[in-house]
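See structure below.
The values are calculated or read from the model by the stated rules, or taken from the named source; none is laboratory data. Predicted model, so just to flag it, every value in this text is computed and none were measured. No Cβ is skipped: glycine too gets one built from the backbone with ideal geometry, and neighbour counts run over all protein chains shown.
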Amino acid sequence: MRELMRFVPYVVRTAWRARTRTVLTIVGAAVAMGLFAFVRTVDEGVRELDRRASQPVLVVFQESRFCPLTSYLPVRYADQIRGMDGVADVLPTLLFINSCRANLDLVTLHGVEREPLDRIYDFEMLDGDMEGWKGRSDGAIVGEKLAARRGIRVGERVRLGEVDVYVSGIMKSDTAGLDNLAFVHLDQLSLSRKKQGAATEFLVKLEDGADPDEVSRRIDDMFASDEARTDTKSMQAFVAGAVGEISEVVDFARMLGYLAVALVAMVLANTVFISAQSRSAEMGVLETVGVTKIKLAAMIAMEGIGLGMVGGVIGGAVVLGYFAFSPATLGVEGYGINFQPSWNVALHTMLAAFVIGTVASLGPAIDAVVRPLHSAVKGD
């Protein structure tokens, strides 16, 4: 390995001889690897949302709703659900969403009752306190992502959606969606939306050992002939259904990312092959003075891998750097998919760049190994 490293300056000078070709190849690799890093970031955001949705909680919505804003359930349902076997607690929730469609400026308000909130959700107060929120009829607890995106601080009065609120606290949670929403009091949001006595959904926390499917079936059977039929699912199933269309788009984008990687591998292979062919006589001379064919193949591979890695570093750094300084959230039906850089995405991007550099170098490297010395010296 140490002996091969001595050839690095030679490989760099060789690539720089055809600087236009080299720069264009690096730019192409950077664009493709940037697309790959972007797709991986989006993919990780969807996976992270799905992981966070794995909670022992059921979501009760009105049957046949097509958007959270169209679901109206009587608040009185909460007491009936609370009395069922296997149910630990119930949180009636009235929702406001600035848009049911996919958007990059998600604002979600959950109008909730004071007492059940911290029994249903697990979250940590980063600033402010729960008692301050409970003591104000116009208080709000804001998720950290929403607070960062809107520049919200504790003690400020802000307008979120349809209500003016006093920011009593900023929270952090591992539960799906909580970092992109704000909790306000149910009475305040009910008056603002003119939906007194109504809830959008019920969050049902189950007792240990309770069967989610059985409890879901009993809830829906209970209200099958009531004024509003219900559709009850686990939180994970509900989130999966809400972001289902986005997941399909991400799957398609993932294919485009892999296609871009394959394309840049072919471009890189062409560049390395042309470079090796143009230096065939030079490589023949190197072989004559004692450089083995294996070392010649290694030098060709170093050029291909080097170009791929440089393009990967540039493309990955641009995309991940953008998300680091300008974090984005894609909102779908009140749930946010966070686009944020991670070491996992950076590692996969560099690994992909290494793989395409290696694959692109295989053909030219094998050609250098099997090519007869006399043919190389003659430049045939």
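Determine if segment 290-307 includes at least one residue that is of a type in the set (A, V, I, L, M, F, W, C) and at pLDDT below 75.
Yes, because at least one residue in segment 290-307 is of a type in the set (A, V, I, L, M, F, W, C) and at pLDDT below 75.
In segment 302-348, what count of residues is obtained for those that are crowded, with 20+ Cβ neighbours inside 10 Å and under 15 Å from ALA29 (Cβ atoms)?
10
Report whether or not GLY321 is under 27 Å from MET299 (Cβ atoms), under 20 Å from the mean Cα position of the chain (by Cα) and assigned to a helix (DSSP H, G or I). Reasoning before the result, please.
Numbers: under 27 Å from MET299 (Cβ atoms): no; under 20 Å from the mean Cα position of the chain (by Cα): yes; assigned to a helix (DSSP H, G or I): yes.
Answer is no for this residue.
Residue-wise test of (1) in a helix (DSSP H, G or I); (2) more than 26 Å from the chain's Cα centre (by Cα); (3) modelled with pLDDT under 75.
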site	(1), (2), (3)
HIS348	yes, no, no
ALA352	yes, no, no
ILE356	yes, no, no
GLY363	yes, yes, no
ASP367	yes, yes, yes
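Going by the structure shown, is ASP221 loosely packed, with under 13 Cβ neighbours inside 10 Å and either in contact with a His (Cβ under 6 Å, 6 or more places away or on another chain) or modelled with pLDDT of 90 or more (or both)?
Yes.
Identify all residues within segment 222-255 that are in contact with a helix residue (DSSP H, G or I) (Cβ under 7 Å, 6 or more places away or on another chain), over 26 Å from PRO212 (Cβ atoms) and of a type outside the set (Val, Ile, Thr); write none if there are none.
Scanning segment 222-255 gives ALA253, ARG254.
With (1) over 30 Å from VAL261 (Cβ atoms); (2) under 32 Å from the mean Cα position of the chain (by Cα); (3) among the small types (Gly, Ala, Ser) as the list, and ALA29 as the residue in question, which single condition is left unmet?
(1)
Does segment 205-218 hold any residues that are under 16 Å from TYR77 (Cβ atoms) and either in contact with a helix residue (DSSP H, G or I) (Cβ under 6 Å, 6 or more places away or on another chain) or at pLDDT below 90 (or both), and which are they?
LYS205
Condition (residue is in a helix (DSSP H, G or I), of a type in the set (A, V, I, L, M) and touching a residue at least 24 places away in the same chain (Cβ under 8 Å)) applied to segment 189-197: is it met by at least one residue? Break it down into steps so the answer makes sense when it comes.
First, the residues of segment 189-197 that are in a helix (DSSP H, G or I): 189-193.
The next check asks that each one be of a type in the set (A, V, I, L, M); those that pass are 189, 191.
Then drop every residue that is not touching a residue at least 24 places away in the same chain (Cβ under 8 Å), which leaves 189.
Yes: segment 189-197 contains one or more residues that are in a helix (DSSP H, G or I), of a type in the set (A, V, I, L, M) and touching a residue at least 24 places away in the same chain (Cβ under 8 Å).
From the residues in segment 156-183 that are farther than 11 Å from GLY139 by Cα and of a type in the set (Val, Ile, Thr), which one is surrounded by the fewest Cβ atoms within 10 Å (Cβ to Cβ)?
THR175
Could you name every one of the helices (runs of 4 or more DSSP H) located completely within segment 206-317 that has at least 2 residues being more than 18 Å from THR14 (Cβ to Cβ) and not assigned by TED's automatic domain parsing to the domain that holds TYR121?
In segment 206-317, the matching helices (runs of 4 or more DSSP H) lie at 235-242, 244-278.
I'd like to verify a number: residues in segment 325-342 that are over 13 Å from the mean Cα position of the chain (by Cα) and farther than 18 Å from PHE238 by Cα, how many?
Selection size over segment 325-342: 2.
Which condition from (1) modelled with pLDDT under 85; (2) within 23 Å of SER247 (Cβ to Cβ) is the one that LEU117 breaks?
Single failed check for LEU117: (2).
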